[in-house]
1. Restricting to DSSP loop positions (anything but H, G, I, E, B) with no more than 11 other Cβ atoms inside 10 Å of their own Cβ, which trypsin sites (Lys or Arg not before Pro) remain in region 720-757?
2. For region 307-322, take each phi angle, set θ = phi - 60°, evaluate the Karplus expression 6.51 cos²θ - 1.76 cosθ + 1.60, and give the result in whole Hz per residue in order, putting x for glycine and proline.
3. Within the set of other residues whose C-beta is less than 13 Å from the C-beta of VAL117, count the net charge using Lys and Arg as +1 and Asp and Glu as -1.
4. For region 454-465, just list the computed ³J(HN,Hα) in residue order, Karplus coefficients 6.51, -1.76 and 1.60, θ = phi - 60°, integers in Hz, with x standing in for Gly and Pro.
5. Arrange TRP224, TRP544 by Cβ neighbour counts within 10 Å, fewest through most, would you?
6. Once phi is turned into ³J(HN,Hα) by the Karplus curve 6.51 cos²θ - 1.76 cosθ + 1.60 with θ = phi - 60°, what whole-Hz value does each residue of region 54-62 show in order, with x for glycine and proline?
7. Which of LEU580, LEU530 has the fewest other C-beta atoms within 10 Å, and how do the rest follow up to the most?
8. Stretch THR482-SER123 to full length: gain in nm at 0.36 nm per residue minus the Cα-Cα span?
Amino acid sequence: MNAESNQVSASEGQAPERTQEISNATAAANAAAASFAALTDSLDYLEPAQVDLVRQAYRFADAAHLGQLRNSGEPYITHPIAVAAQCAQWKLDAQALMAALLHDAMEDCGVTKGDLVEHFGASVAELVDGLTKLDKLQFDTREENQAESFRKMLLAMARDVRVILIKLADRSHNMRTLADMPRSKWGRIASETLEIYAPIAHRLGLNQTYRELQDLSFRYLHPWRYATLSKAVAKARSRRRDLVQKVQMDVDAAFVRVGLPARLAGREKTLFAIYEKMTQKHLSFAQVTDLYGFRVIVGSVTECYTALGVLHQMYKPVPGKFKDHIAIAKVNGYQSLHTTLVGPSGVNIEFQMRTEEMHLIAEAGVAAHWLYKEKDVDGGSAERLGTKWLQSLLDIQNETRDAAEFWDHVKVDLFPDAVYVFTPKSQILALPRGATVVDFAYAIHSDVGNHTAAAKVNNEQVPLRTEIHNGDIVEIITTPTTTPNPAWLGFVRTGRARSKIRSHLKSLAQADSETLGEKLLTQALRAEGLERLPPNTEEMQPLWDKLLRFTGSRARSELMTDIGLGKRIATIVAKRLLGLMAEHGYRPDALLLTRERYSSHERISQGGVSLDGSENASVKYAPCCRPVPGDEIVGYLGRGEGLVVHAASCAIARRLQAKDSERFISVDWSEEPTRMFETGIVVTVNNGKGVLARVAADLASVEADIIHIDMDDEVALDTVNLRLVIGVRDTTHLEAALRSLRRTHAVLRAVRALPTA
């Protein structure tokens, strides 16, 4: 009698002893699944002492999870055992298996990290801690919580790759049992698996896990499509069974004739891979021709190429479908020769040629490092199998403290498609598809990226935003004076490049803001009658400590940066500083006080700043009015933006001044500006050939640089407005440029662009 009929009989009033018997049988089955014996058979590669350590971890986890059940009704401990069993298949060490058994103890059972250190040592505790979600921390959104959780997991994984192997085993078992979860959770968990865990498995070369996670995610995200496609594949399989068997026999016979020992294994495209190909290429199921394939496992690299030659003599290859991943391995360490051949009845069949070692790495990826380490599969495998990428996570973390930003960087690098390019010395680098020469520069070294001035691709000079392609030879030209440009963030592709650029720009902005803040505080203190700030000496440290307590800043540099960024008002800090200095015997200078207070503008509440264009990131010139030396100007300390300089006539500046006057400071131009300043002009011209060239020539004749140009869309009109942003030294230079344009026959009008309201 089957279990279903047993349950029906019991519910219809079967004898109590029979019901009890069934209950006992179920309990026994659950107990067997929850016992250490379920794991013992797969631990034969460990020493007896190590097996004892794993058994101790099992007993601890069993006691911690006592009374807890999974959604299926099974004891909760069956889940840690299943995760440990998967890790045992990868032949992970005893510490990893212990962490797999204990991975939910901290999160669900109130066990602390200290408890784990005491019972199992620091290494196991660190592994478990890296796997534990951050449920105790409060975040604004679920997305932020998720980002922080992944950041912690990925950083732990960068320090110890066993963390992600255990995490992937955990996610695999959760996906296999997802049917027991409420249907409302299927979409979220399956999407997360498809978008995050499957790409991580692919990035680390865990092909078997990658394929399984994709198919399981597809099954729960699109149940109807999965079922329909599954039936279609089953029908196609039965129809083509004879064809596949014929190909296998013919290929085996061909290898025997040439004396090439080879192991042939059939391979079917996964349902998700078929679905993805159908959606991306807009194909029907009948149009997907490469459903079947074979793996040819041979003894050496030379035999891989020999097998390829034998196959190409048997069947015609499909043009453009040959890929040599042995000469140029994939970024996750994968190596194989791929070719697609036209088999009997015109059916396309893919063949993959690889050695036994390549096959192990293709299926197990980084896990192959443990799985067959006694065979020393590849002495350099740790370097090839994703270790570089894992270490780059730590580099990104050093520049990125925000969890969501960190996760954005990492997701870019999880993108599985890659291009392979060469340095001038023939070293191969793998980068995400769409990467630019700047990404290449940062992939070599952060110092190379930070000082990139120009680049050559295949010995031809190219713009820095140029996208690189497979086989390109890329040369980076650096200069000591070059620094990252904010515009680079608009086109770089890799997380490493993006985080390095942002970090450099932030450090520059902070240094500039600190200098500006000190200048503003000094000016505000002069308005209170004191010539300069108290020195930053040991004697004055108590005074600075009191001021920092008042402002809530951690250090003097942080206070100056906050003033420079507009987060604190210099006059308020100066008044407090004046009181503290009075306690140390400093007295305001009456003459200085009178001169400062009555020479400043009535509406300006803070000290003044002189501008010469060398202020870098701490000072921004408002794009609405684009002031240049010679214009009357005002300065606005935006909250967290630093100093924004507006023309005094700017409508936006007037509105801000009306509602936020205490944030305006007095600014004026230096006698000798150090650079050109951008401003806008509008040139109305008769539409015709060569007009734009003549306008450019006129501006060049007066040494005005064209930075940006825009024009009307209606090219058929008789007259066209050209809107230009040009670089000039001051208002006198601007007037000279406008006069030069007005003298041109085709120019009807040339005026400065008015500030936008």
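1. Details: sites: ARG723, ARG729, ARG739, ARG742, ARG743, ARG749, ARG752; in loops: ARG729, ARG743.
Those satisfying the criteria are ARG743.
2. Per residue, the Karplus-derived 3J(HN,Hα) values read 4, 4, x, 4, 5, 5, 7, 7, 10, 6, x, 7, x, x, 10, 9 Hz.
3. Values: positive: LYS113; negative: ASP115, GLU118, GLU126, ASP129.
Result for the neighbourhood of VAL117: -3.
4. Values per residue, Gly and Pro as x: 7, 8, 10, 10, 6, 6, 10, 5, 9, x, 5, 7 Hz.
5. Working: TRP224 7, TRP544 20.
Fewest-to-most Cβ neighbours within 10 Å comes out as TRP224, TRP544.
6. The phi angles translate into 5, 5, 5, 5, 4, 4, 5, 5, 4 Hz.
7. Values: LEU580 18, LEU530 22.
Fewest to most other Cβ atoms nearby, the residues stand as LEU580, LEU530.
8. Values: separation 359, 0.36 × 359 = 129.24 nm, distance 4.38 nm.
Additional length available on full extension: 124.9 nm.
FYI, it's all coordinate maths here, none of it is from the lab. Note that the structure is a prediction, hence the values are computed from the model and not measured. Ideal geometry is used to build each Cβ from the backbone, glycine not excepted, and the neighbour counts take in all protein chains shown.
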